[in-house]
Amino acid sequence: MTLVEVSSFLPIPPALAWEQVQSPQLLQHLAAPLLTFHPRDGRFPQKWEAREYRAGLRLYGLLPVGEQVIGIEYPASGAPVGGHVLRDNGRGGLVTRWDHLMLIAPEQGGTRYTDRVEIEAGMVTGLAAAFARHFYRHRQRRWLQLIARDFQPRGTL
């Protein structure tokens, strides 16, 4: 098993970060264009419910790279002090364990957002972990771009 953790400061209130992280639309936006998720059972809900979802994955929206089980949980414990945690206890293809925690904690007028994932993928665990580091850095860059575009107060002229 390998642990990957990527963390960023988001200049938005923790309540807004928590609201957004529960949205499958945020997943789609943050993962693009690197990965796209294609729900196998119709459509994703407006807000994640605690259950499993099946999705096909495509690299850059074109190349099929397998199936993923997204196992959404709202753990009763494990959240940072004053914060929240959402768990995707997923798996798919060669990856037998993709236990992803999205941690939201208040920090200096904003939010400390952390992606923490434990990965098991047999002989390709190292490769899966390298991809996870790249993917979560990508997601957090996209978070910051989205915040700058849509959630920052605009000055008046």
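Some notes on this structure:
- Less than 5 angstrom separates the built amide H of ALA121 from those of THR96, all sequence-distant by 5 or more or on a different chain.
- When the chain is treated as a Gaussian network with alpha carbon springs shorter than 10 Å, the biggest mean-square fluctuation among LEU127, LEU30, LEU86 belongs to LEU127.
- Long-range amide H partners of GLY93 with built H, under 5 Å: GLU67
- Phi angles of segment 5-12 translate, via the Karplus equation with coefficients 6.51, -1.76, 1.60 and θ = phi - 60°, into HN-Hα couplings of 9, 10, 9, 9, 8, 10, x, 9 Hz per residue; Gly and Pro are given as x.
- Tensor-based shape of segment 75-157 (alpha-carbon gyration tensor, a/c under 1.5 rounded, otherwise prolate or oblate): oblate
- Interatomic Cα distance distribution for segment 1-58, bins of 5 angstrom, percent: 4, 14, 20, 23, 20, 13, 5
- MRE, 222 nm, helices only [DSSP H, n ≥ 4, -39500 (n - 2.57), over the chain, to nearest 500]: -7500 deg cm²/dmol
- Here the spin labels are modelled as points 7 Å beyond Cα on the Cα-Cβ line, and at GLU73 and GLU49 they lie 1.9 nm apart.
- Using a Förster distance of 30 Å, the FRET efficiency for SER8-VAL81 (Cβ separation, nearest 0.05): 0.95
- Couplings 3J(HN,Hα) of segment 63-71, computed from phi: 8, x, 10, x, 10, 9, 9, 9, x Hz, in residue order, whole Hz [Karplus 6.51 cos²θ - 1.76 cosθ + 1.60, θ = phi - 60°; x for Gly and Pro].
- Acute angle (nearest 10 degrees) that the helix 125-146 long axis makes with the longest principal axis of the chain, alpha-carbon atoms: 30
- Once the chain from HIS38 to LEU16 is taken as fully extended at 0.36 nm per residue, the excess over their C-alpha distance is 5.4 nm.
- Prolate is the label for segment 28-102, because the ratio a/c of its alpha-carbon gyration tensor axes (a ≥ b ≥ c) is 1.5 or higher and a/b is greater than b/c.
- Nonlocal amide H pairs with LEU10, under 5 Å, H built at 1.01 Å: THR111, ARG112, TYR113
- Only one of [x] 103; [y] 121; [z] 149 was calculated from the structure for volume of the Cα convex hull per residue in Å³, and its label is [y].
Computed from the coordinates by the stated procedures, all read-outs in this text should not be read as laboratory data. The structure presented is a predicted model; accordingly, all values stated were derived computationally and were not measured. So basically every Cβ, Gly included, is an ideal-geometry build from the backbone, and we count neighbours across all protein chains shown.
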